[in-house]
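Shown next, in structure tokens, is the structure this report addresses.
Throughout, read-outs are computed from the coordinates displayed, never taken from laboratory work. Since the model is a prediction, treat every value here as computed from it, not as a measurement. Cβ sites come from the backbone with ideal geometry, for glycine too, and all protein chains shown count toward neighbours.
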């Protein structure tokens, strides 16, 4: 077994989400959101980190790596699992960041996701976005949505990813998974041709730039269900980020396209569970006439957060509403709920309105 395989096996056995290998330090792992340096393991030198990287580099990556480029890749280890790996340089030495990708097929309820996620997965056309910071559960949520669609209706699913993280097998759907650098050069190139591939559902691994966003909106406009991700913290920021991808003279048109295609935004955060581990707190926006009105008017876009808070009937909830429900269900502590809230002052008021006396400020 290669040395890096043994480290990845150790990481998986400990149920860690991430493994960091850096010259001049012992390996470090992240468990339940906490990063810990494993001082009981030997310090790795620069020659070793480069050797570990070369153990897993595919031929197509080696020239790029030798030219000093960062490498994003997926790596499968038989009997252990699948990993998303980034190889990069810092201070002249090679570092490796590995994230374990869950290959378990779980339903929305098992993942702790609200019922409205299933509602969005049942959409026949339009744009559905899953957002959050790195490690917030976006990949797992998207995989669950694709798996649900694959099990419940027929269609052609085309995914465009960099790299392919979760591999899907055909069930009721035909699934083609295309990887940047292997099957196509760029997102823009793949999206330019995807409409000729008779897709029903298109998954774009990440909306990174104006060209990708514009192509995604166009694909949704012509009748496909388009799923994608963004590194944004909530629904309102997601709307603003999409608009900001466009130059000022195109932003009105971008608002019109987004208003006509957007079906929902799912924003993720993982917080400590009362029983250990992590649990998702999820903000959900579902497109309504009111939200469409706010989206079209730059002066009213800030009101989207209020509309989400008042949209329980449509399956919507803000982060703070999600946190209150998690606390009421005994799934998180009040201290962790307050710490994760969007506005701690307002969240404390929400708790008092429910008859809960929050702990004093600074006591946790």
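Overview of values
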| quantity | calculated |
| --- | --- |
| GNM result for the chain, Cα springs below 10 Å: residue of 149, 56, 204 fluctuating most strongly | 56 |
| Overall Cα dimensions of segment 1-109 - principal axes, largest extent first, Å | 45, 34, 25 |
| Residues listed by number, segment 1-33, amide nitrogen under 11 Å from residue 110 label point at 7 Å toward C-beta | none |
| MRE, 222 nm, helices only [DSSP H, n ≥ 4, -39500 (n - 2.57), over the chain, to nearest 500] | -10500 deg cm²/dmol |
| Most mobile listed residue (101, 34, 334) in the chain, GNM with C-alpha springs under 10 Å | 34 |
| Gaussian network model of the chain, springs between alpha carbon atoms under 10 Å - residue of 246, 319, 203 with greatest fluctuation | 246 |
| Inter-label distance, nm, simple model (7 Å from Cα along the C-beta direction), residue 183/residue 15 | 3.3 |
| Convex hull of Cα atoms in the chain, direction-averaged projection (nm²) | 20.3 |
| Inter-label distance, nm, simple model (7 Å from Cα along the C-beta direction), residue 69/residue 48 | 3.0 |
| Label-to-label distance, nm, for residues given as residue 222 and residue 171 (7 Å Cα→Cβ offset) | 2.9 |
| Extension reserve of the residue 195-residue 361 stretch, reckoned as 0.36 nm per residue once the Cα distance is removed | 54.3 nm |
| Between segment 209-240 and segment 152-168, the alpha-carbon center distance in angstrom | 17 |
| Extension reserve of the residue 125-residue 103 stretch, reckoned as 0.36 nm per residue once the Cα distance is removed | 5.2 nm |
